[in-house]
Amino acid sequence: MQAKISHCPFNRSGLNHKDSRSAPLTDRLREQTEPLHASLEQLPFSQLLFSGDLPRSVYLQYLLGLRLVYQSLEAEIKSWSQVYDKTLEAFYPVFRSQLIDEDIQVLSGGSSTQSLVNLPKDLIESIHGSLERTLALAYVRFLGDLGGGQLLARQLRTRWQLPLGHSNGLAMYAYHEQVPELRKKVKSVINGLSLSVVQQELILKAAESMFKLHRQWFLQLMPQNVVIQSFLSGVIHEPQKTQHSRG
């Protein structure tokens, strides 16, 4: 069966395992969060983002919030790598906060007065002091930006007529290593940690929470007038119910 390609910058799949506890943790995470991810893809924010029709002002708000999310995530990983397992340092090549800051400067025309209207406070604070919730957010963000984020970069470059090269406002989607190898590395780190059954269950629950908190944030990001106009013009559509095989 051919794998379904995701167009949203979060990780998902439709894998099923007869004995889920024997499967790699990242496979279990994909399976358990698939319905939440499918729902996230149908939000007006996600539809406009991947069609290239999202107003640049809204995308800048997204980047401003995402920079804070990554700063918090990166700080937690650095902390846990010192007190728990140094293999977490393998996540360092996919840290994005500094590159997001570069993109904000480019897309805002170098303005230093960009203000964050919709702070993803709950998402940021949710991981403080928790290894399990930190790993859940690492799974959601790192593998998502290494997956759907690559499709997004190509779409934005085309629709916004951005130049090729480093300083084009899309630096956060550029990596120094091959993306497929980085995806393998991220999965290897998560799957290779010595985690108890309880810890793994906590990570699975936390991943669901991370998707719900992203949904809450995305809903806050979208101005209602933009949503209405996009529906009327046919740019976005009403969410459709999707069925997910769990056999």
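The values are calculated or read from the model by the stated rules, or taken from the named source; none is laboratory data. Owing to the predicted nature of the structure, the values given are computational and were not obtained by experimental measurement. Cβ: placed from backbone, ideal geometry, glycine included. Neighbour counts: every protein chain shown. When the accessible area is computed, the model is the full protein with side chains, heavy atoms only, and any ligands, DNA or RNA have been set aside. Shrake-Rupley method; radii C 1.70, N 1.55, O 1.52, S 1.80 Å.
Considering the range 53-104, and only residues there that are of a type outside the set (F, W, Y) and not in a helix (DSSP H, G or I), the residue that is modelled with the highest pLDDT turns out to be R96. If only residues of the range 162-193 that are at pLDDT 95 or above and either polar (S, T, N, Q) or touching a strand residue (DSSP E or B) at 6+ places or on another chain (Cβ under 6 Å) (or both) are counted, the one that is most open to solvent (accessible area, probe 1.4 Å) is Q178. Could you tell me whether the range 46-59 includes any residue that is out of contact with any Leu (no Cβ under 9 Å at 6 or more places or on another chain) and under 25 Å from L135 (Cα atoms)? No, that holds for no residue. Listed by first and then second residue, the pairs linking a residue in the range 186-200 that is within 18 Å of L146 (Cβ to Cβ) to a residue that is open to solvent by 50 Å² or more (accessible area, probe 1.4 Å) and polar (S, T, N, Q), with Cβ atoms under 9 Å apart and 6 or more places separating them unless they lie on different chains, are S188/T87; V189/T87; G192/T87. For H128, the conditions (1) of a type outside the set (G, A, S); (2) buried (at least 17 other Cβ atoms within 10 Å of the Cβ); (3) in a loop (DSSP other than H, G, I, E, B) are fulfilled apart from (2). Residues that are part of a helix (DSSP H, G or I) and either open to solvent by less than 30 Å² (accessible area, probe 1.4 Å) or small (G, A, S) (or both) within the range 214-225 comprise H214, W217, F218, L221, listed in sequence order.
Just wondering, is there one or more residues in the range 43-60 that are open to solvent by less than 10 Å² (accessible area, probe 1.4 Å), closer than 18 Å to Q155 by Cα and among the hydroxyl-bearing types (S, T, Y)? So far as the range 43-60 goes, yes, one or more of its residues are open to solvent by less than 10 Å² (accessible area, probe 1.4 Å), closer than 18 Å to Q155 by Cα and among the hydroxyl-bearing types (S, T, Y).
Residues checked against (1) open to solvent by less than 40 Å² (accessible area, probe 1.4 Å); (2) over 15 Å from the mean Cα position of the chain (by Cα); (3) without any contact (Cβ under 8 Å) to a residue 60 or more places away in the chain:
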| position | (1), (2), (3) |
| --- | --- |
| W80 | no, yes, yes |
| V83 | no, yes, yes |
| Y92 | no, yes, yes |
| I100 | yes, no, no |
| D103 | yes, yes, no |
| S108 | yes, yes, yes |
| S115 | no, yes, yes |
| E132 | yes, yes, no |
| L135 | yes, no, no |
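Does the range 133-152 include one or more residues that are farther than 23 Å from N191 by Cα and of a type in the set (A, V, I, L, M)? Among the residues of the range 133-152, at least one is farther than 23 Å from N191 by Cα and of a type in the set (A, V, I, L, M), which makes the answer yes.
Can you find a residue in the range 228-239 that is at pLDDT 95 or above and either over 19 Å from the mean Cα position of the chain (by Cα) or surrounded by fewer than 16 Cβ atoms within 10 Å (Cβ to Cβ) (or both)? No, the range 228-239 has no match at all.
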